[in-house]
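A.B. asks: Have a look at this one.
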Amino acid sequence: PTMEERKACWGARDEFWQCLDRHGDDAAKCEKLRRAFESRCPQQWVKHFDKRRDFLKYKKKLETEGFHPYETAGKS
């Protein structure tokens, strides 16, 4: 993709992610922005950014709540 196409993709991604943040990850309220994100980005990038968002949310949760392994892990 050209620099302009990348900027359009990243902008659409940022708008979609901001909408998800505002609506508590309720994708139904951000459907229009999701379609714009998917139309402006290569499908492989969409998959990557979806995984990246999940990872960043998980990382933030670990940083704020800490790691709590299951008490029953390893017990039979």
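A.B. asks: For the full complex of protein chains and a 1.4 angstrom probe, list 57, 32 by accessible area with the highest value first.
C.D. replies: Of 57, 32, the descending order of accessible area is 32, 57.
A.B. asks: Dipole size in debye (nearest 20) for the stretch 3-60 around its Cα centre, Lys and Arg Cβ +1, Asp and Glu Cβ -1?
C.D. replies: Roughly 180 debye, rounded to the nearest 20.
A.B. asks: What FRET efficiency comes out for residue 23 versus residue 3 if R0 is 35 angstrom and r is the Cβ-Cβ distance? Round to the nearest 0.05.
C.D. replies: Given R0 = 35 Å and the Cβ-Cβ separation, E is 0.70.
A.B. asks: Now a separate question. If I fit a long axis through the Cα atoms of helix 31-40 and take the longest principal axis of the Cα atoms of the chain, what angle between them do I get, 0 to 90°, rounded to 10?
C.D. replies: 70
A.B. asks: Can I ask one more? Could you give each residue of the stretch 53-68 its phi-based ³J(HN,Hα) in whole Hz, using Karplus coefficients 6.51, -1.76, 1.60 with θ = phi - 60°, and x for Gly or Pro?
C.D. replies: For the stretch 53-68, the Karplus curve yields 5, 4, 4, 5, 5, 5, 4, 5, 4, 4, 5, 8, 9, x, 8, 10 Hz.
A.B. asks: Okay, moving on. Based on the Cα atoms of the chain, what semi-axes does the equivalent ellipsoid have, where each is the square root of 5 times one gyration tensor eigenvalue, given in whole Å with the largest first?
C.D. replies: Whole-Å semi-axes of the equivalent ellipsoid: 32, 14, 11.
A.B. asks: Next up: May I ask you to derive the FRET efficiency for residue 38 and residue 64 from their Cβ-Cβ distance with R0 = 30 Å, giving the value to the nearest 0.05?
C.D. replies: With a Förster radius of 30 Å, E is 0.50.
A.B. asks: For residue 48 and residue 31, compute 0.36 nm times the residue count separating them, minus their Cα-Cα distance, and round to one decimal in nm.
C.D. replies: In short, 4.3 nm is gained.
A.B. asks: Next up: What ranking do 6-19, 35-48 get when scored by the average of other Cβ atoms within 10 Å per residue, highest first?
C.D. replies: 6-19, 35-48
A.B. asks: Who wins for biggest fluctuation among 20, 56, 33 in a Gaussian network model of the chain, springs between alpha carbons below 10 Å?
C.D. replies: 56
The values are calculated or read from the model by the stated rules, or taken from the named source; none is laboratory data. Keep in mind the model is a prediction, meaning the values are calculated, not measured. Counting neighbours? That spans all protein chains shown, and the Cβs are built from the backbone with ideal geometry, glycine included. Ligands, DNA and RNA are stripped out before the accessible areas are found, and what is left, the full protein with its side chains, is counted by its heavy atoms. Shrake-Rupley method; radii C 1.70, N 1.55, O 1.52, S 1.80 Å.
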